[in-house]
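*Asks:* Could you have a look at this structure, given as structure tokens, before my questions?
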Amino acid sequence: MAAAHMVDLDRPGEWKNYHETGTSQAKARFTLRSGDGGRGREELREAASELQKWLNLAKEQNIPVRPVGGAWSPSNIQIVQDGWMLHTRRFNRCFRLAAGDFERPESTHPEDFILLDAGVQIDEINDKLEEMKRSLVTTGASNGQTIAGACATGTHGSVINAGGIQQHVRAIQIVTPGGVHWIEPKAGLMSAGFVADTGSTLMRDEDAFEAALIAVGSLGIVTAMVLETVPIYLVRPYMKLIDFGREDLQLLQDGQFRQFSEKFGVPGLDPYFVMVITNPHRPFAHQATVKFLYKCPYRDTYERQTPAELGAGYDAQTMITWILRNFPWARGWILQTIMRLGIGKGVTGEVYGTWGETTEMHKPIAKGFTAAMFSDRSQLVRTFETLCQAFSGRGGSTAVTLRFLKGGPGLLSPARWPDTVAIDCDGPDSDTTEAAYLGMLDEFEAAQIPFTLHWGKFGNLTAARVEQDFGNDLVRWKAVQARLLPTPEDRRLFRSVELDRLGLTA
Amino acid sequence: MDTIGWIAAAILVLTLFGQYLAGTADYFLSIENPRPLDETVDTITILGWGFASQASRSCMAELVGQGFADVRLFATRKQVLLSFVTFGFVRKVCIAWRGNAGQHPLGEA
């Protein structure tokens, strides 16, 4: 029976991330692999031990390292030059927990939790949870990210009463050159015996936990997580083209999602998820695509649908990248036509699926542009109108998607308002679109519209901007970083051009 | 006769143009729940209308025991033009594949 282990892929040199927005020239590429049996705690102990040796070897040779999950982030946050890359997608086992693994077995329901290797992809978590008759509350639109990578950047969906995906996390194992840390909130979750069995030192600390929820790849290497889940449910999707007016935007700003759904969705139901894809080129003169998900109790007897029949693949990026890149001058008409073609007849019939069945793995076939900003939902009308004017007016050629979520959790969560709107610009990459987006951000600054940017997407984040956005939360996050990586040599190990620019590792 | 000739020539040109565009199409095949590793792209050259071919036989350590998640087959515009210019004698295509990260049964912690 093979234990968890490291493999040198023996393929140094050029490596591109998933969306082909960045290239690493790696000195060496390694992969962390799961064992083929054994209990979860043994797997974690073996992996952490191997990884710690590897980190210390890199430290001795002064070589920076970078863990890479799904390599999904287009912001190049996973890129390292002249360093060692660590691929984690084959460190991907999931484990049930037992009552005895918890600090308070008498009051804990072990079936509510799942223990995961950090390289498990979201798709796999969805499958395993369905097997356990459980579900996640929210995820991003696509499901190819690893759980550690998705949490590290605060990946979000559009469930109106949920935060980012990291809201499921209850405990985190992080490996550094100096230790293997099991980080939990102060109240504690797992038993000291279980934590010791994973080869970790227990760290129950509110700040450490809040920092580790969104680690941005700069606190060490995340190797495992315990997630809390909810009983399995079904969602009924509803998606169609609508005539989108300013008064509808006002409804969304006011959080009147039920009223918005009564107008455009299934009457009589409270929406669980609301998303609107708009055309920034005269948005109220063009139609928009609206997608609702309505939550329903689970039953075994529902008729299974394909992801496409459930409206999966709604991230807009895949459907518009290629054509818009070639014909940016006709962006208004093209966006509208593609929306019509992409949505087809929409999803208006009564079909159901689990949460996992509504997400999909996409394959980019052209270099894409993807950016996301977060803002205060209570200023949505002003923010959206400024965005459309500034972005499309400068030639930006992407769709603009509105998603709604709650703020946090995590010190570095970019969703910083209790009611946050995430505004995504997804489409083809071009110099014009990039310049238009940067120009738009400048206009936001000038107009004093509050916003933050997604860690994993395009933007103009600088150390000063990060400091301004996160203030004291950044100070607390850095204090935790100094505890986990106490020496300059430790911190240097996780440096990269991108993270230095953000002021997280410099 | 001239008119028929022009029509035939136009059909031929349109056929070639259509073939040129179709030649760059992207064929994509995936297993269910692909869970892919990184993509690798290789170019395969077919010579002499298929009488001779050259294929890469690279060794992929990360794929051992796991198999493919998905495969793409496509040609770039340049590759299709090369095929046209050489009357199909040189035909290059790109094959892109991603390994499967592996699917383990739910274990006990």
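The values are calculated or read from the model by the stated rules, or taken from the named source; none is laboratory data. Predicted model, so just to flag it, every value in this text is computed and none were measured. All Cβ positions, glycine included, derive from the backbone under ideal geometry; neighbour counts span all protein chains shown.
*Asks:* Return yes when A:ALA47 is in contact with a Pro (Cβ under 9 Å, 6 or more places away or on another chain) and more than 9 Å from chain B (Cβ to nearest Cβ) and no when it is not.
*Replies:* No, not satisfied.
*Asks:* In segment A:115-145, what count of residues is obtained for those that are modelled with pLDDT of 95 or more and over 27 Å from A:THR301 (Cα atoms)?
*Replies:* 6
*Asks:* Take residues that are surrounded by 19 or more Cβ atoms within 10 Å (Cβ to Cβ) and tell me which of the strands (runs of 3 or more DSSP E) falling wholly in segment A:1-66 contain 1 or more.
*Replies:* A:13-16, A:23-26, A:28-33
*Asks:* May I pose another question? Going through segment A:399-425 one residue at a time, which ones are small (Gly, Ala, Ser), in contact with a Lys or Arg (Cβ under 9 Å, 6 or more places away or on another chain) and at pLDDT 95 or above?
*Replies:* A:GLY407, A:ALA415, A:ALA422
*Asks:* For A:ALA422, indicate whether it is hydrophobic (A, V, I, L, M, F, W, C) and without any contact (Cβ under 8 Å) to a residue 24 or more places away in the chain.
*Replies:* Spelling it out, it is not the case that A:ALA422 is hydrophobic (A, V, I, L, M, F, W, C) and without any contact (Cβ under 8 Å) to a residue 24 or more places away in the chain.
*Asks:* A further question on this structure: Output the number of residues of segment B:76-102 satisfying the condition of being surrounded by 15 or more Cβ atoms within 10 Å (Cβ to Cβ) and within 13 Å of chain A (Cβ to nearest Cβ).
*Replies:* The number of residues fulfilling the criteria is 8.
*Asks:* Let me ask something else about it. State which residue is nearest to A:ASP500 (Cα to Cα) when the search covers only segment A:71-110 and only residues that are touching a Lys or Arg at 6+ places or on another chain (Cβ under 7 Å), within 12 Å of chain B (Cβ to nearest Cβ) and not polar (S, T, N, Q).
*Replies:* That would be A:MET85.
*Asks:* A further question follows. Between A:ARG304, A:ARG325, A:ARG299, which is modelled with pLDDT of 90 or more and more than 23 Å from A:ASP248 (Cα to Cα)?
*Replies:* None of the other options fit; the residue is A:ARG299.
*Asks:* Restricting attention to segment A:456-485, which residues are among the hydrophobic types (A, V, I, L, M, F, W, C) and outside any helix (DSSP H, G or I)?
*Replies:* Hits for segment A:456-485 are A:PHE458, A:LEU461, A:LEU485.
*Asks:* Just for segment A:376-430: of the residues that are of a type in the set (S, T, N, Q), part of a loop (DSSP other than H, G, I, E, B) and under 23 Å from the mean Cα position of the chain (by Cα), which one is farthest from A:GLU206 (Cα to Cα)?
*Replies:* A:THR398
*Asks:* Select from segment A:112-132 the residues that are surrounded by fewer than 17 Cβ atoms within 10 Å (Cβ to Cβ) and away from chain B (no Cβ under 12 Å) and list them in ascending order.
*Replies:* Listed by number, the list holds a single entry, A:ASP112.
*Asks:* Report those helices (runs of 4 or more DSSP H) wholly inside segment A:190-264 carrying at least 3 residues which are closer than 21 Å to A:GLY40 by Cα and modelled with pLDDT of 95 or more.
*Replies:* A:192-197
*Asks:* If a residue must be within 10 Å of chain A (Cβ to nearest Cβ) and assigned to a helix (DSSP H, G or I), how many such residues does segment B:20-44 contain?
*Replies:* 0
*Asks:* Going residue by residue through segment A:443-458, is there one that turns out to be in contact (Cβ under 8 Å) with a residue 40 or more places away in the chain and over 24 Å from A:HIS156 (Cα atoms)?
*Replies:* yes
*Asks:* Another question, then. Does segment B:61-92 hold any residues that are β-branched (Val, Ile, Thr) and at pLDDT below 90, and which are they?
*Replies:* B:VAL64, B:VAL71 - these are the residues of segment B:61-92 that are β-branched (Val, Ile, Thr) and at pLDDT below 90.
*Asks:* Which one of the conditions (1) surrounded by fewer than 24 Cβ atoms within 10 Å (Cβ to Cβ); (2) out of contact with any helix residue (DSSP H, G or I) (no Cβ under 8 Å at 6 or more places or on another chain); (3) part of a loop (DSSP other than H, G, I, E, B) does A:GLN81 fail to meet, given that it meets all the rest?
*Replies:* Of everything listed in (1) surrounded by fewer than 24 Cβ atoms within 10 Å (Cβ to Cβ); (2) out of contact with any helix residue (DSSP H, G or I) (no Cβ under 8 Å at 6 or more places or on another chain); (3) part of a loop (DSSP other than H, G, I, E, B), A:GLN81 misses just condition (2).
*Asks:* Could you run through segment A:381-424 and say how many residues are of a type outside the set (S, T, N, Q) and over 22 Å from A:ALA152 (Cβ atoms)?
*Replies:* 19
*Asks:* Mind checking which residues of segment B:35-56 are farther than 14 Å from B:CYS94 by Cα and modelled with pLDDT under 80?
*Replies:* B:GLY50, B:PHE51, B:ALA52 - these are the residues of segment B:35-56 that are farther than 14 Å from B:CYS94 by Cα and modelled with pLDDT under 80.
Conditions (1) farther than 19 Å from A:LEU55 by Cα; (2) polar (S, T, N, Q); (3) within 24 Å of the chain's Cα centre (by Cα), marked per residue:
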{"position": "A:ALA463", "(1), (2), (3)": "yes, no, yes"}
{"position": "A:VAL466", "(1), (2), (3)": "yes, no, yes"}
{"position": "A:PHE470", "(1), (2), (3)": "yes, no, yes"}
{"position": "A:LYS478", "(1), (2), (3)": "yes, no, yes"}
{"position": "A:GLN481", "(1), (2), (3)": "no, yes, yes"}
{"position": "A:PRO486", "(1), (2), (3)": "no, no, no"}
{"position": "A:ASP490", "(1), (2), (3)": "no, no, no"}
{"position": "A:SER496", "(1), (2), (3)": "no, yes, yes"}
{"position": "A:LEU499", "(1), (2), (3)": "no, no, yes"}
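*Asks:* Listed residues A:TYR272, A:TYR302; which is farther than 15 Å from A:VAL381 by Cα, buried (at least 22 other Cβ atoms within 10 Å of the Cβ) and out of contact with any Ser or Thr (no Cβ under 8 Å at 6 or more places or on another chain)?
*Replies:* Of A:TYR272, A:TYR302, the one residue that is farther than 15 Å from A:VAL381 by Cα, buried (at least 22 other Cβ atoms within 10 Å of the Cβ) and out of contact with any Ser or Thr (no Cβ under 8 Å at 6 or more places or on another chain) is A:TYR272.
*Asks:* Could you list all residues from segment A:128-148 that are in contact with a strand residue (DSSP E or B) (Cβ under 8 Å, 6 or more places away or on another chain) and assigned to a helix (DSSP H, G or I)?
*Replies:* Within segment A:128-148, A:LYS128, A:LEU129, A:GLU130, A:ILE147, A:ALA148 qualify.
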